[in-house]
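Here the structure is laid out as structure tokens; the discussion comes afterwards.
The values are calculated or read from the model by the stated rules, or taken from the named source; none is laboratory data. Just so you know, these numbers come straight off a predicted model, no measurement behind them. All Cβ positions, glycine included, derive from the backbone under ideal geometry; neighbour counts span all protein chains shown. We work out accessible area using only protein heavy atoms, side chains counted, and drop any ligands, DNA or RNA first. Shrake-Rupley method; radii C 1.70, N 1.55, O 1.52, S 1.80 Å.
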Amino acid sequence: MQSPRTKILVLVPFPVSDEQLALRANQLDAAALPEGVDVHFKPTKAAPSNYVSHHDYVLADMSMLESGLHAEADGYQAVCIDTVSDSAVSALRSMLNIPVVGPGRTMYAIASMLGRRFGIVTMWKQWFPLYERVLADIGLADRCAGIRSIDVTPDNRTLLAGKDHALPLLLDAARALVEEDGADVICLGSTTMHEAHEHLQENLDVPVINPGPMSYFVAEALVALGLSHSPSAYPPPLVPKPDVVHAMLDAAATADAERR
């Protein structure tokens, strides 16, 4: 009898075109997942323009929560968040029984297995608080050797397209993390930077972690092992209100469309 296929849903944190969604899905090229694993990418209905303030963090959590609420009912066995901010991980865990994997916390935990200390290389300094929040949440701040930015404004929809000049800058920053800050492992500071992974790994003598593909592998492994998050750590709400969440995001999407 044929084994059932494993379905993983990846939540993209912005409303994007089909072409832009395909750029995100290109992360699968770096993930040689086992046969029988299907990965689908789903954008949010609305989102902040970027993640640089607490206002943005709240909107991001709501948009990602709404996008993933029906994943389990739709037949998915796991959910992955396509942003190192791990937006809505805790909220979705409180609503779903299937594994919800955040690439940020997953990357830092695995980096801690591969070396004594890790460094984060990123596009701009405005994202530093995102890393610090997740590191504090999972108790690994003391394992981070440093965070270095190249101060190139990112584009969360076209990724590194047209930014070939960013690759040598990212390499220089990663080398500084290793040679000056003492990092044994390099973490990419965004799933939108996945196109830089191959270049960095070819030119560095330490492991470079590509957070998106790694999260898919972890999700698949959790499904195969029959593991998921603990309900005592992520208890369900006494009165779930998914209709309220959907209504809020529908209204947000309408407001965004009218603004455009």
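What the table below lists for this structure:
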read-out: Qualifying residues in region 179-196 (those that are of a type outside the set (A, V, I, L, M) and touching a Leu at 6+ places or on another chain (Cβ under 6 Å)) - the one least open to solvent (accessible area, probe 1.4 Å); value: Thr192
read-out: Test for Asp82: is it under 26 Å from Thr254 (Cα atoms) and in contact with a Gly (Cβ under 7 Å, 6 or more places away or on another chain); value: yes
read-out: Qualifying positions in region 4-44 - open to solvent by less than 50 Å² (accessible area, probe 1.4 Å), small (Gly, Ala, Ser) and more than 24 Å from Leu249 (Cβ to Cβ); value: Ala31, Gly36
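Conditions tested, residue by residue: (1) over 23 Å from Val79 (Cβ atoms); (2) touching a helix residue (DSSP H, G or I) at 6+ places or on another chain (Cβ under 8 Å); (3) modelled with pLDDT under 95; (4) open to solvent by less than 10 Å² (accessible area, probe 1.4 Å).
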residue: Val100; (1), (2), (3), (4): no, yes, no, yes
residue: Thr106; (1), (2), (3), (4): no, yes, no, no
residue: Ala111; (1), (2), (3), (4): no, yes, no, yes
residue: Ile120; (1), (2), (3), (4): yes, yes, no, yes
residue: Met123; (1), (2), (3), (4): yes, yes, yes, yes
residue: Glu132; (1), (2), (3), (4): yes, yes, no, no
residue: Ile138; (1), (2), (3), (4): no, yes, no, no
residue: Gly146; (1), (2), (3), (4): yes, yes, no, no
residue: Val152; (1), (2), (3), (4): yes, yes, yes, no
